[in-house]
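Shown below is the structure under consideration.
The values are calculated or read from the model by the stated rules, or taken from the named source; none is laboratory data. As the structure is a computational prediction, the values presented were derived from the model and not from experiment. Cβ coordinates were reconstructed from backbone atoms using ideal geometry, including for glycine residues, and neighbour counts include every protein chain displayed. Only protein heavy atoms, including side chains, enter the accessible area calculation; ligands, DNA and RNA are left aside. Shrake-Rupley method; radii C 1.70, N 1.55, O 1.52, S 1.80 Å.
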Amino acid sequence: MSRRPLVAGNWKMNPASAEEAVALARDVAARVAGLSPLTVLCPPTIWLAAVAEAVTGQQVRIGAQTTAAEESGAYTGETSPLMLRGLAEFAIIGHSERRRLYGETDDDVRDKVASAVAHGIRPIAAVGERLAERHAGRTAEVVERQTRAAIGRLQRIAGTGLVMAYEPVWAIGTGEAATDADAQEASARIRAILAELDPTGAEEVPILYGGSVTADNAGRFFAQPDVDGALVGGASLQAVGFAAIVAAAARVSTR
Ligand code: PEP
């Protein structure tokens, strides 16, 4: 089936001011206007409201970079899916930086994905192996384990709005992207695991590749049958380059 390409920009802890965030969002929105892929901007939580307001009525969508699983309570520093509702349509869950720096586990990812879905927020669940795991020949095992965990509390896939992202940790922010064949292999593996739960729903899920995607290399990932877009970190902070990645996704959207 044909899936609408999706390109998400993970701004991480950038930019430093609301003014810069709004300017970047407006610049991206203007450059992707009329392009067919779904374009999602994921600013820091503190800029979500300003960015959402700045792009109201335009075709870019808003995502959070993480979410808590709980609705409210004694969770210092966290933002709940209940609070995100109406502000963010998507939430990245299980980004490798959240796993590595903040101790997020597969169980946390499972609970956050389920909670996001329950609150009408589309999860972008990130999975991917670390360099040592790759060298040990464990890529498939890690991707399978993390994918099974991410959907562990879902009854089905259809209707959840789930998005998956294959992000090999060694490729994030390093300038060393995976090969298109690696991205396809991992994405097909992810889709096969989703299909064990819900074969029809699995076909609807956009699977993104993430890891040093640029305007120069994006096209070769998008040409893969199971890669439906990109999760972009560094290159999403430059409107021109990011819009070029969205344009590259648009070129294959008719396949
Ligand atoms: C990311 O942070 O999800 C990412 C893929 O970063 P980069 O594009 O900078 O590698």
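Only helices at least 24 Å long along their axis, Cα-based, and averaging 1.0 or more on Kyte-Doolittle count here, so list those DSSP H runs from the chain.
Working: long enough: 180-197 (26 Å, 0.01).
None clear 24 Å together with a mean of 1.0.
Keeping all protein chains in place and using 1.4 angstrom, which order do Met13, Met164, Met83 fall into by accessible surface area, from largest down?
Met13, Met83, Met164
Provide the gained length on full extension for the span Leu131 to Ala23, in nm with one decimal, where the gain is 0.36 nm per separating residue minus the Cα-Cα distance.
The span from Leu131 to Ala23 would gain 35.3 nm if fully extended.
Running a GNM on the chain with Cα contacts under 10 Å, which residue among Glu167, Glu97, Glu129 ends up with the highest mean-square fluctuation?
Glu97
Full extension from Ala192 to Arg148: what is 0.36 nm times the residue separation minus their Cα-Cα distance, to one decimal in nm?
My answer for the length gained is 14.8 nm.
A further question follows. Rounded to whole Å and sorted largest first, list the principal axis extents of the Cα atoms in the range 1-142.
The principal-axis extents, from largest down, are 45, 40, 33 Å.
Please give the Cα centre distance for the range 196-231 versus the range 80-135, rounded to the nearest Å.
17
Could you give the length gained by full extension between Thr76 and Ala158, i.e. 0.36 nm per residue of separation minus their alpha carbon distance, to one decimal place?
Stretched fully, the Thr76-Ala158 segment lengthens by 26.2 nm.
Leaving ligands and nucleic acids out of the surface, order Arg26, Arg251, Arg148 by accessible area at 1.4 Å, largest first.
Arg251, Arg26, Arg148
Roughly how much of His95 is accessible, in Å² to the nearest 10, using a 1.4 Å probe?
Accessible surface of His95 is approximately 10 Å².
Another question, then. Looking at the chain only, what percent of DSSP beta bridges run antiparallel? Nearest 5 please.
Antiparallel bridges: around 0 percent, rounded to the nearest 5.
Still on this structure, I have one more. Output the relative contact order of the chain, whole-number percent, from Cα pairs under 8 angstrom with separation of 6+ residues.
Contact order relative to length: 22 percent.
On to the next question. Can you give the charge dipole size of the chain about its Cα centre, rounded to the nearest 20 debye, using +1 on the beta carbon of Lys and Arg and -1 on the beta carbon of Asp and Glu?
Rounded to the nearest 20 debye, it is 380 debye.
With only alpha-carbon atoms counted, please give the Rg and Dmax of the range 155-255, in Å.
Just the Cα atoms of the range 155-255 yield Rg and Dmax of 13.5, 40 Å.
Report, please, the projected area of the chain averaged over directions, based on the convex hull of its C-alpha atoms, in nm².
12.3
Just how much of Arg145 is accessible, in Å², when a 1.4 Å probe is used and the result is rounded to the nearest 10?
Near enough 100 Å² of accessible area.
Okay, moving on. Given a 1.4 angstrom probe, what's the average accessible area per residue across the chain, in square angstrom? It would help to have the intermediate numbers written out before the result.
On the way: 10810 Å² over 255 residues.
Spelled out: the 1.4 Å probe surface of the chain, per residue, equals 42 Å².
Okay, moving on. Counting only protein heavy atoms, what percent of the accessible surface of the chain is carbon or sulfur at a 1.4 Å probe? Before the final figure, lay out the partial values.
Values: 5520 of 10810 Å².
Roughly 51 percent of what the probe reaches on the chain is carbon or sulfur.
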